[in-house]
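The values are calculated or read from the model by the stated rules, or taken from the named source; none is laboratory data. The shown structure was predicted, so the numbers you read here are calculated from the model rather than taken from an experiment. Cβ sites come from the backbone with ideal geometry, for glycine too, and all protein chains shown count toward neighbours.
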Amino acid sequence: MNKRFTSIIIVWCLVLLSLWVGYDYLYVILANRVSAPQPIVPRASLADEEKSAIEVFQRMSPSVAFIVTQTQEGVWFPSGLAEIQVGAGSGFVWDSLGHIVTNYHVIEGARVIAVRFGSDELLRGDVVGTAPDYDLAVIRMIGPPRSFEPIPKGDSKNLKVGQTVYAIGNPFGLTRTMSKGIISALERSMSTESQREIKGVIQTDAAINPGNSGGPLLDSAGSVIGMTSAIASRTGSFSGVGFAVPIDTLNRIVPQMIKTGRAPRPGIGITALPEEISARLNVPGVIIAQVIPHSPAAQAGLQGANLETGHVDDIIMAVNGHRVQTIGELATELADAGIGNKVELTVLRDGKERKVTATVIDIAK
């Protein structure tokens, strides 16, 4: 009995030993398999949409400029040296001569302008022309001669909401960044610092941040359809609503800026009272403050307000049948009519409407 019991114990010990050795052997095998390098699985081919975006960036980004400005030089005060104010923005090559288009607010007040393409060195830039009414400026680099490849220009008349667009620029100083989105809306209006309005503005949800201003907005073919100019945001950063000046406006204004250094300013020879006064008086139009002698407005018999007595004479209600309530709307209608052409003005005086004709002139001359 004892021998049999002893034999059973020996057998179970051998079984347990074999199981322990086997588990350890199995653990070693599994551990080696887990720690072994995993095979790399080749990804599928890029989607056609991805290929298109890559191709647009590779072709167009070399023509997008990084613009740096200095608006104040260091000045010694009793408390120390004043901080140098530096700004940054974007621009893009307009023609083979090397003219670079950007926003006016990017270079406004700049004492020094520097331009860089990609990893190239920063070169001094000079202002060729400005058009604050359209928030546009043209600059040109000073430095060794180099070749420039302008971005092809598209057409902003036939754009559709939902089209894919790409924005290339330098947000927060990060050079040559591309974001993608769609055209969210068309025919928006955007006010400039000169209280003029730009019509036909493109709204997009492509990410636009500080530093993108002046960069191109491109369609899926790589043609520029607008210039990114502003964002609607409480924080000043991307919120899904960005605006771009349409290329048709640039095509009309930029060549004149390059030729003369400025853009024509259509007008009829009046100054208007501030819109706040019109709103306070509940006047549905543009109140004429002063009429310039011998101007088209004077020739049409228009009269300004008496600032001493507060009496209002003529109020412009419409241009060519289009109602105007702000100075910006009046300027836009005159610009649409074109310098040298006549416009029909609907004018209110002493509660009675009448129509007069005036010729649009360039009041910037």
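Data table
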item: Unmet requirement for PRO246, which otherwise passes all of (1) assigned by TED's automatic domain parsing to the domain that holds ILE198; (2) free of Cβ contacts under 8 Å to residues at least 60 places away in the same chain; result: (2)
item: Selection count where residues are crowded, with 17+ Cβ neighbours inside 10 Å, on the phi < 0 side of the Ramachandran plot and part of a loop (DSSP other than H, G, I, E, B), scope region 257-284; result: 6
item: Among (1) touching a residue at least 60 places away in the same chain (Cβ under 8 Å); (2) buried (at least 16 other Cβ atoms within 10 Å of the Cβ); (3) not in a helix (DSSP H, G or I) - the single one ALA207 does not satisfy; result: (1)
item: Failed condition for LEU136, given (1) loosely packed, with under 12 Cβ neighbours inside 10 Å; (2) modelled with pLDDT of 90 or more; result: (1)
item: Failed criterion for ASP133 (all others in (1) of a type in the set (Asp, Glu); (2) without any contact (Cβ under 8 Å) to a residue 60 or more places away in the chain; (3) not in a loop (DSSP other than H, G, I, E, B) hold); result: (2)
item: Complete set of residues in region 327-365 that are farther than 14 Å from ILE270 by Cα, of a type outside the set (Asp, Glu) and assigned to a loop (DSSP other than H, G, I, E, B); result: GLY338, ILE339, GLY340, ASN341, GLY351, LYS365
item: Test: residue in region 299-309 that is assigned to a loop (DSSP other than H, G, I, E, B), touching a residue at least 60 places away in the same chain (Cβ under 8 Å), in contact with a Ser or Thr (Cβ under 9 Å, 6 or more places away or on another chain) and surrounded by 15 or more Cβ atoms within 10 Å (Cβ to Cβ); result: no
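To keep it simple, each residue is scored yes or no on (1) more than 15 Å from the chain's Cα centre (by Cα); (2) part of a helix (DSSP H, G or I); (3) at pLDDT below 90; (4) in the same structural domain as THR228 (by TED's automatic domain parsing).
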{"residue": "VAL106", "(1), (2), (3), (4)": "no, yes, no, no"}
{"residue": "GLY109", "(1), (2), (3), (4)": "yes, no, yes, no"}
{"residue": "GLY125", "(1), (2), (3), (4)": "yes, no, no, no"}
{"residue": "ARG146", "(1), (2), (3), (4)": "yes, no, yes, no"}
{"residue": "ILE151", "(1), (2), (3), (4)": "yes, no, no, no"}
{"residue": "SER179", "(1), (2), (3), (4)": "no, no, no, yes"}
